[in-house]
Amino acid sequence: MLYEDDVTDAVCVELERRGWMIVQKLRATQKGDDIVAVRGTERLVVEAKGETSSKPTTGRYGSAFDSGQVNSHVSRAMLRAMRVVSEGCQAAVAFPNEELHRLEIETVRIAIGRLGVAVCWVSPDCSVEIDQTADFEV
């Protein structure tokens, strides 16, 4: 199971490999943009989500989120991405590379492309695949 912090860490490693400098990386317990990266004059904001709760006190800790929770997470991540794009920055969302998240993203794939939002998929081995439908090179 990938926690949100695992997704955030993996995406940061991949962004740095691609020449981005990480200027902000928040933990799941912190409020604000999960990842803020810069490369030259470009600024990228990434909203990350995990596939289970990172809080041991919750009933979902260690259990995969169900389709309703995945829908909620994807919706919140995409709302943040739309706000970032509206503010004039580049946006990406990052999710575990698993079936429920992929199915949810697939339902809005065309809109994501039109918005120019990149989608980062983190596999259990923490490798990262980035969908290049965005209008910028991640």
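Could you work out how far helix 67-86 tilts from the main Cα principal axis of the chain, as a 0 to 90 degree angle to the nearest 10?
20
Could you work out the helix-only [θ] at 222 nm for the chain, with each DSSP H run of four or more residues adding -39,500 (n - 2.57) and the total divided by the number of residues, to the nearest 500 deg cm²/dmol?
-11000 deg cm²/dmol
Which ³J(HN,Hα) values in Hz, rounded to whole numbers, follow from the phi angles of region 100-108 under the Karplus curve 6.51 cos²θ - 1.76 cosθ + 1.60, where θ = phi - 60° and Gly and Pro get x?
Coupling constants for region 100-108: 4, 5, 5, 4, 5, 5, 4, 5, 10 Hz.
With a 1.4 Å probe and all protein chains kept in place, how much accessible area does LEU15 have, in Å² rounded to the nearest 10?
Its heavy atoms expose roughly 0 Å² to the probe.
Please check the chain for the longest run free of GluC sites (Glu not before Pro) that are loop-located per DSSP (anything but H, G, I, E, B) and have at most 15 other Cβ atoms within 10 Å.
After excluding every exposed loop site, the longest remaining stretch is 1-86.
For region 112-127, in order, what is each residue's ³J(HN,Hα) by Karplus, 6.51 cos²θ - 1.76 cosθ + 1.60 with θ = phi - 60°, in whole Hz (x at glycine and Pro)?
Going residue by residue, I get 4, x, 5, 6, x, 9, 7, 10, 9, 10, 9, 8, x, 7, 6, 6 Hz, with x marking Gly and Pro.
Quick check for you: with a 1.4 Å probe and neighbouring chains kept, what is the accessible area per residue of the chain, in Å²?
50
For an R0 of 35 angstrom, estimate the FRET efficiency from the Cβ-Cβ distance between ASP125 and VAL23 and round to the nearest 0.05. Before the final figure, lay out the partial values.
Details: r = 27 Å, r/R0 = 0.76.
Calculated transfer efficiency: 0.85.
Express the carbon and sulfur contribution to the solvent-accessible surface of the chain as a percent, rounded to the nearest whole number, probe 1.4 angstrom.
C and S fraction of accessible area: 50 percent.
Skipping prolines and chain starts, which residues have an amide H placed within reach, meaning under 5 Å, of the one on ARG43, given they are 5 or more residues away or on another chain?
GLN90
Under 5 Å between amide hydrogens, which residues at least 5 positions from GLN24 or on another chain qualify, with H placed 1.01 Å from N in the peptide plane?
So GLN24 has HN proximity to VAL36.
Figure the gain on full extension for VAL38 and MET82 (residue separation times 0.36 nm, minus the Cα-Cα span) and round it to one decimal in nm.
Values: separation 44, 0.36 × 44 = 15.84 nm, distance 1.86 nm.
Full extension from VAL38 to MET82 adds 14.0 nm.
The values are calculated or read from the model by the stated rules, or taken from the named source; none is laboratory data. Fair warning: this is a prediction, and the values are worked out from it, not measured in the lab. Here Cβ is always computed from backbone atoms with ideal geometry, including for glycine, and neighbour counts include all displayed protein chains. Just the protein is used for accessible areas: all its heavy atoms, side chains included, with ligands, DNA and RNA removed. Shrake-Rupley method; radii C 1.70, N 1.55, O 1.52, S 1.80 Å.
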